[in-house]
1. Residue by residue through segment 225-241, note down the ones that are within 9 Å of the ligand (Cβ to nearest atom) and assigned to a loop (DSSP other than H, G, I, E, B).
2. Please tell me if ARG182 is away from the ligand (no atom under 15 Å from the Cβ), over 15 Å from ILE116 (Cα atoms), exposed (fewer than 14 other Cβ atoms within 10 Å of the Cβ) and modelled with pLDDT of 95 or more.
3. Looking at (1) away from the ligand (no atom under 16 Å from the Cβ); (2) under 30 Å from LEU13 (Cβ atoms); (3) more than 17 Å from the chain's Cα centre (by Cα), which one does ILE158 not meet, given that it meets all the others?
4. If I filter segment 122-143 down to residues being outside any loop (DSSP other than H, G, I, E, B) and among the small types (Gly, Ala, Ser), which single residue comes out as nearest to the chain's Cα centre (by Cα)?
5. So which residues in segment 196-224 are buried (at least 18 other Cβ atoms within 10 Å of the Cβ), within 16 Å of the ligand (Cβ to nearest atom) and in a helix (DSSP H, G or I)?
6. Is it fair to say GLY101 is more than 16 Å from the ligand (Cβ to nearest atom), surrounded by fewer than 17 Cβ atoms within 10 Å (Cβ to Cβ), touching a residue at least 24 places away in the same chain (Cβ under 8 Å) and of a type in the set (Gly, Ala, Ser)?
7. Of the residues that make up segment 60-76, is at least one hydrophobic (A, V, I, L, M, F, W, C), within 24 Å of MET145 (Cα to Cα) and in a strand (DSSP E or B)?
Amino acid sequence: MKNLTNQNMQHVLTDAVDYLRFPVFDQFGVVAIDAIKGRYDSNYVGDGQDASFRILCAELGLDFNNLVRIEQQVHSDICVRVDSVDAKPSECDALVTNVPGLILVTREADCIPILIYDPINKAIANVHSGWRGTVKHIVVRTIDMMKREYGSSPDDLICALLPSIGMDHFVVHDDVRLPFLREFMEPKIQDLGNGEYLIDAVESVKEDLRNAGVCANNIYDSNTCAACEADQIHSCRGNAGAKRNAALICIKD
Ligand SMILES: [Zn+2]
């Protein structure tokens, strides 16, 4: 089985769960990981998700009771500020907090998970950016909320882009291509003929991050296609099914 470790990301294999971690956050005491299918076929939605999350939290030294999970991700541009574990966010696609100990969670299989930390104001965000959320600029909406709620300055922010559908596997038609052409200055699109195109959605998220004022060298890209690694990462286009990976970020208390 391929080890997915690269310069921005470390592949951790344990006796009960496999996950990807982003060492850039270590110096701040922030846990930022992508819990993947791994060797145990771990699944983080639907029935049985609590068992998976308990195993994961135990491994990470986090309190299961501090998980903040979105009840229904809806491919929106809605971001919610969370101040306590009782928040129970329902229909949204991004969470922000500055409360240590709270574990912000989003679930993905091909959509782009984005984890953000503001080391000055000690605030975090977790963004679920599928193609619909990407063309709605949810990551910009989230940074706007961090500016408003916590006084964040975009050039301080550290961002990790977790594994998602790569350009090589993201075959789309005009219903997806046209919004990207409309919403981005430099969408990376390849014409396959017969009305089919490949789009690099991660590149468009990076364009948004840079336009929002995030420094290019503070963007840590996993450079990993979920569909290429579908034996280890849940991917709707790679292995179908309703299973999901879980992206987590938490300021350790
Ligand atoms: Zn691929």
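The values are calculated or read from the model by the stated rules, or taken from the named source; none is laboratory data. A quick note: this is a predicted structure, and the numbers were derived from the prediction, not measured. Every residue, glycine among them, receives a Cβ derived from its backbone with ideal geometry; neighbour counts consider all protein chains shown.
1. Within segment 225-241, ALA226, ALA227, CYS228, GLU229, ALA230, SER235 qualify.
2. Against the criterion (away from the ligand (no atom under 15 Å from the Cβ), over 15 Å from ILE116 (Cα atoms), exposed (fewer than 14 other Cβ atoms within 10 Å of the Cβ) and modelled with pLDDT of 95 or more), ARG182 qualifies.
3. The single condition ILE158 does not satisfy is (3).
4. So, considering only residues that are outside any loop (DSSP other than H, G, I, E, B) and among the small types (Gly, Ala, Ser), the one nearest to the chain's Cα centre (by Cα) is SER129.
5. ALA201, VAL202
6. Here the answer is yes, as GLY101 does meet what is asked.
7. Taking every residue of segment 60-76 in turn, at least one turns out to be hydrophobic (A, V, I, L, M, F, W, C), within 24 Å of MET145 (Cα to Cα) and in a strand (DSSP E or B).
Residue by residue, here is whether (1) out of contact with any Ser or Thr (no Cβ under 6 Å at 6 or more places or on another chain); (2) surrounded by fewer than 24 Cβ atoms within 10 Å (Cβ to Cβ); (3) closer than 12 Å to VAL202 by Cβ holds:
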position: HIS137; (1), (2), (3): yes, yes, no
position: ARG148; (1), (2), (3): yes, yes, no
position: ASP155; (1), (2), (3): yes, yes, no
position: SER164; (1), (2), (3): yes, no, yes
position: ASP168; (1), (2), (3): yes, yes, yes
position: VAL172; (1), (2), (3): yes, yes, no
position: LYS188; (1), (2), (3): yes, yes, yes
